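The values are calculated or read from the model by the stated rules, or taken from the named source; none is laboratory data. This one's a predicted model, so the numbers in the text were calculated from it and none came from an experiment. Backbone-built Cβ (ideal geometry, glycine too); neighbour counts: all protein chains shown. Heavy atoms of the whole protein, side chains included, go into the accessibility calculation; ligands, DNA and RNA do not. Shrake-Rupley method; radii C 1.70, N 1.55, O 1.52, S 1.80 Å.
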Amino acid sequence: MALFYKNNKLEKLKVFYLYVIYYAILIIIQLLLKYYFFNKEFYLLSIRIHYAIEFIFLSYYFQSTFYKIIYKKATIITVIIYLFYSIYNYLVSDKLIFGSDSAIVESILMIFILVYFFFEKIKYDIQTPLYESKAFWIAVAFFIFFSGNFFLLLYSKSMINDLKFREQYVIIYNSFNIFKNLIICVALFIKENGGSIQLKQQNINLPQDHFYPFNNPNS
């Protein structure tokens, strides 16, 4: 972690580092709740909290790369709606049964956010190839993770009591999780061009001073 931070001091990545630290702490808490305290209710609650905080961190990280203000605001509104839904879903659900609904909704929303992220990268970024961007590979990692586990979560609603399915669930989910983490590790070692990103002026609504700073009295 320290090595990654030393080589990646971009402002936008600070949010991602906070997510990684939170994720590591939460895993420790979940292991203690499940195998030491044997408290199923709080263990399942910690999973729901994980979904909510994960969605906040990832949404904030990716929306910070968006160019259009309207989609930044739309992402913030989406996060608020998802949090209210998560609280409501917890209140009306059985506290001793794994609640996959919030995870399914999170996966759908994150897939939409990531698709728009890819759209903007392809349409507006023209300075460097996409594969030279850390954010691009981080997005690829989470897109594979969320899309890969989406149908798995759907099936879990009706087959969670099937012992064989539960074993396969653990294998498939952890496989996608490991694959995601490997891609992220590689992404953080990518050396990015330190220059500013150039945009296609005709395709995005930005102030004229953004492209002609000599017309800006504040420049």
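Could you tell me which residue of the stretch 17-30 is nearest to ILE97 (Cα to Cα), considering only residues that are open to solvent by 90 Å² or more (accessible area, probe 1.4 Å) and at pLDDT 90 or above? Break it down into steps so the answer makes sense when it comes.
Taking the stretch 17-30 and keeping what is open to solvent by 90 Å² or more (accessible area, probe 1.4 Å), we get 18, 25, 28.
Now narrow it down to the ones that are at pLDDT 90 or above: 25, 28.
Values: ILE25: 23, ILE28: 21 Å.
By that ranking, first place goes to ILE28.
Scanning the stretch 52-61 for residues that are part of a helix (DSSP H, G or I) and β-branched (Val, Ile, Thr) turns up at least one hit.
With the structure loaded, tell me whether ALA135 is of a type in the set (Gly, Ala, Ser), at pLDDT 95 or above, assigned to a helix (DSSP H, G or I) and farther than 30 Å from LYS40 by Cβ or whether it fails that test. No. Among the residues making up the stretch 154-165, those that are assigned to a helix (DSSP H, G or I) and over 21 Å from GLU106 (Cα atoms) are LEU163, LYS164, PHE165.
Which ones in the stretch 98-117 are part of a helix (DSSP H, G or I), in contact with a helix residue (DSSP H, G or I) (Cβ under 7 Å, 6 or more places away or on another chain) and either hydrophobic (A, V, I, L, M, F, W, C) or surrounded by fewer than 21 Cβ atoms within 10 Å (Cβ to Cβ) (or both)?
Of the stretch 98-117, the ones part of a helix (DSSP H, G or I) are 101-117.
When the remaining residues are screened for being in contact with a helix residue (DSSP H, G or I) (Cβ under 7 Å, 6 or more places away or on another chain), the result is 101-107, 109-111, 113-114, 116-117.
Answer for the stretch 98-117, where residues must be part of a helix (DSSP H, G or I), in contact with a helix residue (DSSP H, G or I) (Cβ under 7 Å, 6 or more places away or on another chain) and either hydrophobic (A, V, I, L, M, F, W, C) or surrounded by fewer than 21 Cβ atoms within 10 Å (Cβ to Cβ) (or both): ASP101, ALA103, ILE104, VAL105, LEU109, MET110, ILE111, ILE113, LEU114, TYR116, PHE117.
Once the stretch 47-90 is narrowed to residues that are open to solvent by 50 Å² or more (accessible area, probe 1.4 Å) and basic (Lys, Arg), the residue that is nearest to PHE146 (Cα to Cα) is LYS73. Restricting the stretch 118-139 to residues that are under 17 Å from the mean Cα position of the chain (by Cα) and open to solvent by 30 Å² or more (accessible area, probe 1.4 Å) leaves a set whose member that is nearest to ASN181 (Cα to Cα) is TRP137.
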